[in-house]
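The values are calculated or read from the model by the stated rules, or taken from the named source; none is laboratory data. Predicted model, so just to flag it, every value in this text is computed and none were measured. Cβ coordinates were reconstructed from backbone atoms using ideal geometry, including for glycine residues, and neighbour counts include every protein chain displayed.
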Amino acid sequence: MSPPKKNLAALSEQWLKIFDARADSFYSDEKIFSVENLPPLSIKISDALKNSGREVVEALSFIDEDFAGVLKNFREKLLHAELHPEILSTFVAGLFAEAERNLLPSPLQAENFSEWFTRLEKFLNELRGRQGKDYLHPAIRLALKYIEAHCREEISQPDIADAVHLNNSYFSTLFKKSVGKGFIDYLNELRIAHVKERLATSSEKAKAIATSEGFNDYQYFVKVFKRLTGLTPSEYRRKFLR
């Protein structure tokens with residue numbers, strides 16, 4: 001190995017030692033030294049830690065969840081991972097929507113992990129208390145906006161899951177738990193609400209309205225409409241023409 005390569009290898013080794021020492025000092029109650037503004041390494045976050053983080057955000061939405069237990073599990077997973085503070089900051093921020101992200105306590109502004117997590121725990125409990133049952137998982141908030149904007153198009157649950165960057169199976173469970181109904185039921189109810197308004201305020205043919213609101217199968221539309229309203233489209237319209 002040439003002298004320049006040896007020097008670069010040695011420099012890289014020393015840099016890694018400093019980087020590791022910075023992380024070690026954060027997870028220790030005894031501060032050894034502080035090295036600021038070291039660029040973080042690219043480190044893979046374990047699936048177990050990612051799932052634990054998602055559970056924290058999901059538990060914010062449901063008042064009957066064992067939130068203390070969820071936070072305890074998250075704390076243990078973070079301690080086990082011992083992420084560098086900058087990586088830790090990026091990871092935790094990525095779990096939340098921008099509104100919450102800007103208010104999160106930063107590990108970079110704490111003396112150690114214990115101090116930072118105590119602040120985080122306090123913030124999350126306050127957030128949960130303020131939002132209560134009205135709080136929605138950030139991904140579900142985005143999903144509802146997406147559905148409202150595209151409900152007249154041919155959209156599917158996997159489309160929405162992809163749009164909010166969630167696994168389809170996880171999205172399905174989270175959506176139903178958050179909204180109280182499955183994706184198809186929610187989409188049909190939204191479309192039928194639009195159809196009802198137009199039936200009551202226009203002379204357009206029911207089939208044309210149904211098609212333009214996203215129902216390509218008219219017989220299926222009539223079945224859904226009657227199930228939700230107790231009337232056929234014609235019967236519903238006659239109510240408003242009397």
Identify, by number, the condition in (1) modelled with pLDDT of 90 or more; (2) of a type outside the set (A, V, I, L, M); (3) surrounded by fewer than 14 Cβ atoms within 10 Å (Cβ to Cβ); (4) in contact with a helix residue (DSSP H, G or I) (Cβ under 9 Å, 6 or more places away or on another chain) that Gly94 doesn't meet. (1)
Restricting attention to segment 103-120, does a residue exist that is touching a Leu at 6+ places or on another chain (Cβ under 7 Å) and either among the basic types (Lys, Arg) or closer than 30 Å to Leu187 by Cβ (or both)? no
Among helices (runs of 4 or more DSSP H) lying entirely in segment 147-242, which contain 3 or more residues that are in contact (Cβ under 8 Å) with a residue 40 or more places away in the chain and within 25 Å of Ala97 (Cα to Cα)? 168-179
As an exercise: evaluate Ser212 against (1) modelled with pLDDT of 95 or more; (2) among the hydroxyl-bearing types (Ser, Thr, Tyr); (3) closer than 30 Å to Leu71 by Cα and give the number of the one condition it does not meet. (3)
Which of (1) surrounded by fewer than 15 Cβ atoms within 10 Å (Cβ to Cβ); (2) modelled with pLDDT under 80 is the odd one out, the single condition Phe26 does not satisfy? (1)
Within segment 117-132, is even one residue part of a loop (DSSP other than H, G, I, E, B) and surrounded by 13 or more Cβ atoms within 10 Å (Cβ to Cβ)? no
May I ask you to list the residues in segment 157-195 that are at pLDDT 95 or above and polar (S, T, N, Q)? Gln157, Asn188
Considering segment 86-109 alone, what residues qualify as being touching a residue at least 12 places away in the same chain (Cβ under 8 Å) and over 26 Å from Asp66 (Cβ atoms)? Glu86, Ile87, Ser89, Thr90, Ser106, Leu108
Residues located in segment 149-165, provided they are out of contact with any Ser or Thr (no Cβ under 9 Å at 6 or more places or on another chain) and within 24 Å of Arg54 (Cβ to Cβ): Ile155, Ser156, Pro158, Asp159, Ile160, Asp162, Ala163, Val164, His165
